[in-house]
Ligand SMILES: Nc1ncnc2c1ncn2[C@@H]1O[C@H](COP(=O)(O)OP(=O)(O)OP(=O)(O)O)[C@@H](O)[C@H]1O
Ligand SMILES: [Mg+2]
């Protein structure tokens, strides 16, 4: 499979079908890196939440997956990037129950609980990038 | 394109088997189709087998609980069967509790549960 360390994949996110493709792609990464079933399920679920947010609130974007090492432990980094309206108050958006879309407001906080490291970079009017790391 | 999810008749009940992955729109379509099927057939019970399903996120969780509530309005009971242990754990970590969704270990247990619940209802 060539040089694993520089391996990187991307996926365009435009619709609910792409959200499904995002889940499948992450499942393949987790299987390839021999993650446990529970860890694979966590990653697929977190990606599903964040990829759907990207489609629903930003009209789409791109997901990047690349391999990483955390203190010697192998894993992968997921980045979901959009050029949408941005999130004016990131802390508020992370709160359970906060939703501008009539949802349960679970996705962001839930996704954070389901990964090892979670980072949101967003500015009103300048899009959003969410980074989630997984390692063994 | 993903096909609609088939709804089968299983005795007096309806049975839906969900595949490994479901598009959001397919899940919403299932909700509509089930509503129609329950009222058309006057079904009293619905079994939803999710043993193949790999992810229940906030969207799918909401669809399952909406199906259960909608069925209740039409006087039908819903039992979700076969949830994978990893899915159950992830739901808890996600903070998604599905108070209106009744679950059973597998299809046989689900059938028993439905029969029991309906029997009780009939006698009461
Ligand atoms: N990519 C994004 N661009 C702009 N706003 C976003 C983005 N992602 C999330 N948000 C904002 O953050 C809020 C919280 O998101 P979260 O996923 O937690 O809840 P939700 O999508 O509203 O509901 P749920 O995920 O439970 O269905 C959203 O309602 C939206 O206002
Ligand atoms: Mg969301």
Completion exercise
Relative to chain B, whose Cα atoms define the longest principal axis, helix B:85-94 and its Cα axis are tilted in degrees, nearest 10, by 70 degrees
Problem - Estimated distance in nm for a label pair at residue A:14 and residue A:121, the labels positioned 7 Å out from Cα along Cα-to-Cβ - result: 2.6 nm
Practice task
Normalising by the residue count of chain A, find the relative contact order in percent from Cα pairs under 8 Å and 6+ residues apart.
Solution key: 25 percent
Practice task
Mind ranking A:37-48, A:109-120 by how tightly packed they are, going by the mean number of other C-beta atoms within 10 angstrom, highest first?
Solution key: A:37-48, A:109-120
Fill in the blank from the handout: Cα-only Rg/Rh for the protein assembly as shown with Kirkwood Rh rounds to 1.01
Fill in the blank from the handout: Length gained if residue A:66 through residue A:100 is fully extended, taking 0.36 nm per residue and subtracting the Cα-Cα distance, is 9.1 nm
Handout entry: Values of log10 I(q)/I(0), in the order q = 0.16, 0.21 Å⁻¹, for the stretch B:1-74 under a Debye, Cα-only, solvent-free model
Key = -0.52, -0.92
Problem - Average beta-carbon neighbours from other chains, 10 Å sphere, peptide A:50-60 - result: 1
Exercise for the section: Take the Cβ-Cβ distance between residue B:74 and residue B:20 as r, set R0 to 35 Å, and report the resulting FRET efficiency rounded to the nearest 0.05. Expected result: 0.75
Fill in the blank from the handout: For chain A, longest principal axis from Cα atoms; helix A:16-32 axis from its Cα atoms; angle between them, nearest 10 degrees, is 30 degrees
Exercise for the section: For chain B, calculate the relative contact order in percent as a whole number, restricting contacts to Cα pairs under 8 Å that are 6 or more residues apart. Expected result: 23 percent
Exercise for the section: Give, in whole angstrom and from largest to smallest, the semi-axes √(5λ) of the equivalent ellipsoid of the stretch A:3-135, with λ running over the eigenvalues of the Cα gyration tensor. Expected result: 24, 15, 14
Exercise for the section: With a 10 Å radius around each residue's Cβ, average the other Cβ atoms per peptide and rank A:70-78, B:75-83, highest first. Expected result: B:75-83, A:70-78
Problem - Residue-averaged [θ]222 nm for the protein assembly as shown, counting only DSSP H segments that reach four residues, each worth -39500 (n - 2.57) - result: -13500 deg cm²/dmol
Handout entry: Computed P(r) (all Cα pairs; chain B; 10 Å bins; percent)
Key = 13, 48, 32, 6, 0
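Bear in mind these aren't lab numbers, they're just calculated from the coordinates by the rules spelled out. Everything quoted here is computed from the prediction, not taken from an experiment. Backbone-built Cβ (ideal geometry, glycine too); neighbour counts: all protein chains shown.
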